[in-house]
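Beneath this line is the structure, given in C-alpha cells, with notes to follow.
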Amino acid sequence: MENKLSNRQLIKALNNGEAYAFNFLYKEWFQILCFFAMKITGSREDAEDIVATTLTQFYHANNKFDHVYNLEAFLYRSVRNACINHIKKLQSQSDNAEEYSYLVDYQDEDTIENIKIKAELLNEIISEVKKLPELYRQVFELSVMKGLKNDEIASRLNISPSNVTTRKNRAINMLRLRLSEEGLLVLYVLVLRSFH
C-alpha cells in the first residue's frame, strides 16, 4: 500500500471494504472535518461524534460511492448535512428552540465555504506542527493549541519558563518558513490568542 492514495484509489478501496482505506480516510480527514463540524455545531464532542459517524457510514456503505468524483466536496457536504440534522434534532428536543437558532446560519454556502477554508488552513498548520522537532512541538502545542501559560508548560515539561519562550519562538520561526501566506495569517491569530 502506498503512503498516499488518490481519491479514485481511495474510493475503490473503500468500495471493496479494505480496512487500510478506512484508516487512511480517517487519518487524512478526521481532524480537518472535526474543525469544520465544530464551527457549525459549536461543540467539540458533537463534532467528533458526527465526523466519526459520517466516516464510518461512508466506509460501511460498500459499492455505493462509485459516483463520487470529488471526495473532498462529498465529505464536507456529508458532514455539513449531518451537522444541520444534529442542530435540528437539538432544536426539536429543546423547550427553547431559539437556543440553537444561531447555528442555523451555517446552512449558508458562503459561510460553509469560509469554514472549509479555515479548516484547510488549520490542517496545514497542524501538519507542519507535527513535523517540528519534539522539543519545539511539545511547547508549541501546549502553548498555542491548548492555551497553557509558560509557567504551566515549564512545570509540565520540567524546563525553565525562559526555555519555554525560546522553544516557542523557534517553533514559530520554523513554521513561518514552512507555511503558505494564508497559513501564516491563521498561525499569527492562533499565537496572538495564546498570549491573553
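Round to the nearest 0.05 the FRET efficiency obtained for residue 27 and residue 160 when R0 = 35 Å and r is the Cβ-Cβ distance.
0.45
Between residue 93 and residue 134, what FRET efficiency comes out of the Förster formula 1/(1 + (r/R0)^6) with R0 = 35 Å and r the beta carbon distance, rounded to 0.05?
Once the sixth-power term is evaluated, E becomes 0.20.
Output wanted: per-residue J couplings in Hz (rounded whole) for the range 32-42, from phi through Karplus 6.51 cos²θ - 1.76 cosθ + 1.60, θ = phi - 60°, x for Gly and Pro.
Listing the rounded values in order: 5, 5, 5, 4, 4, 5, 5, 5, 8, 8, x Hz.
Read-outs throughout are calculated quantities, based only on the coordinates presented, and are distinct from any laboratory measurement. This one's a predicted model, so the numbers in the text were calculated from it and none came from an experiment. Cβ sites come from the backbone with ideal geometry, for glycine too, and all protein chains shown count toward neighbours.
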